[in-house]
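Participant: Take this structure, written in structure tokens, and hold onto it; I'll ask about it next.
The values are calculated or read from the model by the stated rules, or taken from the named source; none is laboratory data. Owing to the predicted nature of the structure, the values given are computational and were not obtained by experimental measurement. Virtual Cβ from ideal backbone geometry, glycine too; neighbours counted across all protein chains shown. For accessibility, only protein heavy atoms count, side chains too; no ligands or nucleic acids. Shrake-Rupley method; radii C 1.70, N 1.55, O 1.52, S 1.80 Å.
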Amino acid sequence: MSNPSPEPSFATVPTDQLAGRPGLDLLRDMIAGKLPGPPIALTLNFTLTTVEAGFVVFEGTPKFEFYNPLGTVHGGWAATLLDSAMACAVHSTLPTGQAYTTLEFKLNCVRPITVDTGPVRCEGRVINGGRTIATSEGKLLDAKGRLLAHGTETCLIFAAK
């Protein structure tokens, strides 16, 4: 009889882990379950599934609990998925000793999202990586590949402490 897969863990990553390794390694270890996933992913029902240098994919499924009063998923859910994907795309390019924060992001919602939308895929890709500023773009797609939302992001890069 085989052991069931362990449940994924969710927590913040210790600062020394964040500062002491390349971003790509850190994100790959999250996917592999060697490091916990971020608590926001548990709260909003999404997970990091793919990471390469400058490119990431998150997958998630909208829930009724994410609805606004108008009967659709609140735009904040799409914004959080896109911010996560675009920022992690930048994070995947950072060497040991560097960190980042989001300076700004812009989001365009082009289709309503409901529980009937089903699973979604959110792709983030670096457009330009510099020493102090990086830009990225993201697309949120339904299972049929239709665009639900898209955006751009600017991240500030700095020495990790």
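Participant: Whole number please: convex hull volume per residue, Cα atoms of segment 31-161, in Å³.
Facilitator: Normalising the Cα hull of segment 31-161 by residue number yields 112 Å³.
Participant: Within the set of other residues whose C-beta is less than 11 Å from the C-beta of T50, count the net charge using Lys and Arg as +1 and Asp and Glu as -1.
Facilitator: Charge balance in the 11 Å sphere: -1.
Participant: With label points built 7 Å along Cα→Cβ from the Cα atoms of I127 and D142, find their separation and express it in nm.
Facilitator: Spacing of the two 7 Å Cα→Cβ label points: 2.7 nm.
Participant: Springs between alpha-carbon pairs under 10 angstrom, Gaussian network model over the chain: which of F64, F105, F55 fluctuates most?
Facilitator: F64
Participant: With runs of 4+ DSSP H residues as the only contributors, calculate the mean residue ellipticity of the chain at 222 nm using -39,500 (n - 2.57) per run, divided by the residue total and rounded to the nearest 500.
Facilitator: The helix-only estimate for the chain comes to -7000 deg cm²/dmol at 222 nm.
Participant: Could I ask something else about it? Cβ under 13 Å from K106's Cβ, K106 left aside: what net charge do those residues give with Lys, Arg +1 and Asp, Glu -1?
Facilitator: -4
Participant: Probe of 1.4 angstrom, ligands and nucleic acids ignored: what's the accessible area per residue over segment 27-161, in square angstrom?
Facilitator: About 51 Å² of surface per residue is accessible.
Participant: Pairs of lysine in the chain with Cα under 28 Å and at least 8 positions apart or on different chains: total?
Facilitator: Going through the chain pair by pair, I get 8.
Participant: Leaving ligands, DNA and RNA out of it, report the carbon-plus-sulfur percent of the accessible area of the chain at a 1.4 Å probe.
Facilitator: 56 percent
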